[in-house]
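Participant: Have a look at this one.
Please treat every number below as a calculation from the coordinates, not as lab data. None of the values given here were measured: they were computed from a predicted structure. For neighbour counting, all protein chains shown are included, and Cβ atoms are generated from backbone atoms with ideal geometry for every residue, glycine included.
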Amino acid sequence: MSLLLNNPAVLTRAREEIDACIGQPVLLLAAADLPKLHYLWCIIMETFRLYPPAPLLVPHESSTDCTVSGFHIPMGTMLLVNTFAIHRDPKLWDRPTSFIPERFEGGKSEGKMFIPFGMGRRRCPAENLGMQMVGLALGTMIQCFNWERVGEDLVDMAEGSGLTLPKEVPLEAFYEARASMVNLLSEI
Ligand code: HEM
């Protein structure tokens, strides 16, 4: 939501996609709609690229001696994978620090090192559930409300410290129910 407030054109496009997908009569977004919301999916992926919720994954341990990029890693070493740095590596990504959901459109970024859920045998077992939860929450907020920044300044995107990449400054934003959604929201 912070990134969308800083990039209103992306927010507008996401809302147009949702409105077109739901059609008439207006119903609340449901899990069954998510596979059709390709642009919303790209927004979530690009957000997870820039701000992976577990920026160092979880600690792993080498089960045997191995060599990584020429470095000898003895058995039993604690290994932290810096997903945050990998996702911003300029050798892998064009304009790595810019928020560009379009880079995920049409499978354009398939095969790139994109690992917000980790990889291999210890990869997050709930990736689908996580993506659905975020898709439904974000999609519904976009569908139901108008959003604006509280002032002219961009939302502060600085990262705080913590295992799950909290924001340094919590998000504050203005919102109001969209005129087309007021009746539906009053029934909920
Ligand atoms: C957007 C939401 C989520 C993200 C970004 C996420 C990300 C991750 C990451 C990065 C790991 C570590 C993978 C590794 O070290 O290679 C992990 C592990 C795990 N996640 Fe998630 N996760 C999410 C949601 C969930 C949910 C909703 C559940 C449970 C209902 C869940 C259950 C687990 C479990 C049990 C592990 C440990 C797997 C293992 O060590 O074998 N995650 N997750």
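Participant: To the nearest 500 deg cm²/dmol, what mean residue ellipticity at 222 nm is calculated for the chain from DSSP H runs of n ≥ 4 alone, each contributing -39,500 (n - 2.57), summed and divided by the residues? Walk me through the intermediate numbers first.
Facilitator: On the way: 6 runs with 61 residues, N = 188.
So the calculated ellipticity at 222 nm is -9500 deg cm²/dmol.
Participant: With the cut-off at 1.5 for a/c, could you classify segment 116-155 from its C-alpha gyration tensor as rounded, prolate or oblate? Can you show the working numbers first?
Facilitator: Values: a/c = 7.61, a/b = 2.08, b/c = 3.66.
Judged from the Cα gyration tensor, segment 116-155 comes out oblate (a/c at least 1.5, b/c at or above a/b).
Participant: Relative contact order for segment 1-113: what percent, with Cα pairs under 8 Å and sequence separation of 6 or more? Intermediate results must be reported in sequence, preceding the final value.
Facilitator: Values: 107 pairs, mean separation 26.5, N = 113.
Averaging sequence separation for qualifying contacts and normalising by length gives 23 percent for segment 1-113.
Participant: Using amide H atoms built 1.01 Å from N in the peptide plane, name the residues 5+ places from Leu79, or on other chains, whose amide H lies under 5 Å from its own.
Facilitator: When sequence neighbours closer than 5 places are left aside, the close amide H contacts are His60, Glu61, Ser62.
Participant: Another question, if that's okay. Quick one: angle between helix 38-50 and the longest Cα principal axis of the chain, in degrees between 0 and 90, rounded to 10, please.
Facilitator: Around 40 degrees separate the two axes.
Participant: Taking the 0 to 90 degree range and rounding to the nearest ten, how far is the long axis of helix 8-22 tilted relative to the main principal axis of the chain, both from C-alpha atoms?
Facilitator: In the chain, helix 8-22 runs at an angle near 70 degrees to the longest axis.
Participant: Out of all DSSP beta bridges with both ends in the chain, state the antiparallel percent to the nearest 5.
Facilitator: Numbers: 11 of 11 bridges.
So the antiparallel bridges in the chain amount to around 100 percent.
Participant: Cross-link partners among lysines for Lys167, C-alpha distance below 27 Å, same-chain residues fewer than 8 apart left out?
Facilitator: The reachable lysines, counting only those whose Cα sits under 27 Å from Lys167, are Lys91, Lys112.
Participant: Quick one: Karplus J couplings for segment 25-36, per residue in order, coefficients 6.51, -1.76, 1.60, θ = phi - 60°, nearest Hz, x for Gly and Pro?
Facilitator: Result, ordered by residue: x, 6, 10, 5, 3, 10, 4, 5, 7, 4, x, 8 Hz.
Participant: Given just the C-alpha atoms of segment 4-94, how large is their convex hull per residue in cubic angstrom? Walk me through the numbers before you get to the answer.
Facilitator: Numbers: hull volume 13.2 nm³, N = 91.
Hull volume normalised by residue count: 145 Å³.
Participant: Output the Kirkwood hydrodynamic radius of segment 56-105, Cα pairs only, in Å rounded to one decimal.
Facilitator: Values: mean 1/r = 0.0763 Å⁻¹.
Radius from the Kirkwood sum: 13.1 Å.
Participant: Could I ask something else about it? Take the alpha-carbon positions of segment 1-152, form their convex hull, and give its projected area averaged over all directions (one quarter of the hull surface) in nm².
Facilitator: If I average the Cα hull's projected area over directions, I get 11.0 nm².
Participant: Applying the Karplus parametrisation 6.51 cos²θ - 1.76 cosθ + 1.60 with θ = phi - 60° to the phi angles of segment 168-178, what ³J(HN,Hα) value in whole Hz is obtained for each residue in order, glycine and proline being reported as x?
Facilitator: Residue by residue, segment 168-178 yields 5, 10, x, 5, 10, 8, 8, 8, 8, 5, 5 Hz.
Participant: Per-residue HN-Hα couplings for segment 62-74, Karplus 6.51 cos²θ - 1.76 cosθ + 1.60 at θ = phi - 60°, whole Hz, x for Gly and Pro?
Facilitator: For segment 62-74, the Karplus-derived couplings read 5, 8, 7, 4, 8, 10, 10, 6, x, 8, 7, 10, x Hz, x marking Gly and Pro.
Participant: Cα atoms only, segment 130-188: Rg and Dmax in Å?
Facilitator: That works out to 14.6, 41 Å for Rg and Dmax.
Participant: Dividing the alpha-carbon Rg of segment 68-188 by 2.2 N^0.38 Å yields what? Display every interim value, and only then the final one.
Facilitator: Values: Rg = 19.3 Å, N = 121, 2.2 N^0.38 = 13.6 Å.
Normalised by 2.2 N^0.38 Å, the Cα Rg of segment 68-188 equals 1.42.
Participant: Oh, and also: Rounded to the nearest 10 degrees, what's the angle between the helix 127-144 long axis and the longest principal axis of the chain, both from Cα atoms, 0 to 90?
Facilitator: With rounding to tens, the tilt is 30 degrees.
Participant: Something else about it: If you place +1 on the Cβ of every Lys and Arg and -1 on the Cβ of every Asp and Glu, how big does the dipole about the Cα centre of the chain come out, in debye to the nearest 20? Intermediate results must be reported in sequence, preceding the final value.
Facilitator: Values: 16 positive and 22 negative charges, 119 e Å.
About 580 debye.
Participant: Which of the three applies to segment 24-77, rounded, prolate or oblate, going by the alpha-carbon gyration tensor with a ≥ b ≥ c and a/c under 1.5 meaning rounded? Don't skip to the answer; put the middle values down first.
Facilitator: Details: a/c = 4.46, a/b = 3.61, b/c = 1.23.
Prolate shape, in that a/c is at least 1.5 and a/b is the bigger ratio.
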